[in-house]
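Asker: Questions regarding the structure given below will be posed in turn.
A short reminder: the numbers here are calculations on the coordinates, not readings from a lab. Keep in mind it's a predicted model, so treat the numbers as computed, not measured. FYI the Cβ positions are ideal-geometry reconstructions off the backbone, even for glycines, and counts take in every protein chain you see.
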Amino acid sequence: MDRSSAPGRVLETPRGPIALVDWADPDPLARLRLDDGLGAFGHYSRHAAEIQGKALARVAGLPEGRVLVAVQEDRIVGFLTFHPADREIRWGRDPFPELLELGGIEVGRGHRNLGIASALMALAFDGGAYEDRIVYATGYTWCWDLEGSGLSKGGYRGKILALFKRFGFDEHVTDEPNVRFDWCNVLMVRVGPGVPLAAYRRFLDLLFEKPAGLNPDGAPAGPRAAGVK
C-alpha cells in the first residue's frame, strides 16, 4: 500500500479525541513520547516505554515495516505494528513474499476499554490491505499485562482471540516451540482471499516440523524412498 493512500482518523472517546496515525515515519515517532502505561514484554516503567519507543521507530524504518499509533497530546497511547517474519524463528527461516507478521498491538493501561485496539485494527485492514498476504500474529503469555488487566491467562487469551477474529484471523495449531511453551500461547493467522494456493500450502508446511526419518509426504523413509514398491 502506498503510504500516502492511508489517511489517519480521529477516535472520539470519553477521555477526549485520539488521533490514529497510519504509516508513521521513524523521525516523527522518535519525537513523540510513549505513555508510561505502555510496556515492553510485560514490564511497565519509564525505561520500558523508552525501549518500546525505539522498537517502534526501528520497525517503521524497515522496507515492509508499518507502524500505526494512537496519539493524544503528543503521547503515543497505543500502537500496532507489521513487519517481515523474524528470521530467528521458524516462520522467517525460509521467507516468502506473501508472509507478514503482525508484530505487536498494545494500548496503554490508562487508555484501555476505549476502543483503541479495534480502531487501529480497522484502520490497518480497511480498504483491502493485505488481501494478498498471509498475516500471522503470536500471543505469548510472558508479553501480556496480566497484572494491569486483572485477567487470568485464559481470560487474556480469550480477549485477544475475540479481537483478532473480528478482523479475519483464525487460531492455528502448531508445534512451534515458543507457541507450545505455554498452553495459553496462541498463533493467529489471517489468509487474504488473493493469496496463491502455493503460498498457503507453504505456510501450512511451517506449522509442524516433520520428524527425522520421514519423507516430505510424511511417509516413513525406507525401501519406498528408493523406488521399491
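Asker: Mind ordering 200-210, 54-64 by average Cβ neighbours within 10 Å, highest first?
Answerer: In descending order of packing, they fall as 54-64, 200-210.
Asker: Suppose the chain between Glu209 and Asp175 were pulled fully straight at 0.36 nm per residue; how much longer would it get relative to their current alpha carbon spacing?
Answerer: That works out to 11.5 nm of additional length.
Asker: Report the FRET efficiency, 1/(1 + (r/R0)^6), for Glu147 and Asp126, where r is their Cβ-Cβ distance and R0 is 35 Å, rounded to 0.05.
Answerer: FRET efficiency, Glu147 to Asp126: 0.60.
Asker: Moving to a separate point now. Ranked highest first by the average count of other Cβ atoms within 10 Å around their residues, in what order do 147-154, 45-52 fall?
Answerer: Ranked from most to least packed, the peptides come out as 45-52, 147-154.
Asker: Quick check for me: using +1 on Lys/Arg Cβ and -1 on Asp/Glu Cβ, what's the dipole size of the chain about its Cα centre, in debye to the nearest 20?
Answerer: 380
Asker: Net charge within 10 Å of Pro97 by Cβ-Cβ distance, Lys/Arg positive one each and Asp/Glu negative one each, not counting Pro97 itself?
Answerer: Once all neighbours under 10 Å are counted, the net charge is -2.
Asker: Taking only Cα atoms of the chain, what ratio of Rg to Rh do you get with Rh as the Kirkwood inverse-distance radius?
Answerer: Dividing the radius of gyration by the Kirkwood radius yields 1.03.
Asker: Using DSSP H assignments, which helices in the chain have an axial alpha-carbon span of 15 Å or above and a mean Kyte-Doolittle hydropathy of 0.5 or higher?
Answerer: Once both thresholds are applied, what remains is 197-207.
Asker: Just for the chain, what percent of DSSP beta bridges are antiparallel, to the closest 5?
Answerer: Antiparallel: roughly 85 percent of the beta bridges in the chain.
Asker: Something else about it: How far is it, in nm, from the label point at Trp183 to the one at Glu64 when both lie 7 Å from their Cα along the line to the Cβ?
Answerer: Here the modelled spin labels are 3.5 nm apart.
Asker: Another one. Residue farthest toward the positive end of the dipole of the chain, with Cβ of Lys/Arg at +1 and Asp/Glu at -1: which of Phe169, Gly8, Ser118?
Answerer: Comparing the listed Cα positions along the dipole, Phe169 ranks first.
Asker: How far apart, in nm, are two points set 7 Å out from the Cα along the Cα-to-Cβ line at Leu163 and at Glu50?
Answerer: Inter-label distance under the simple model: 2.6 nm.
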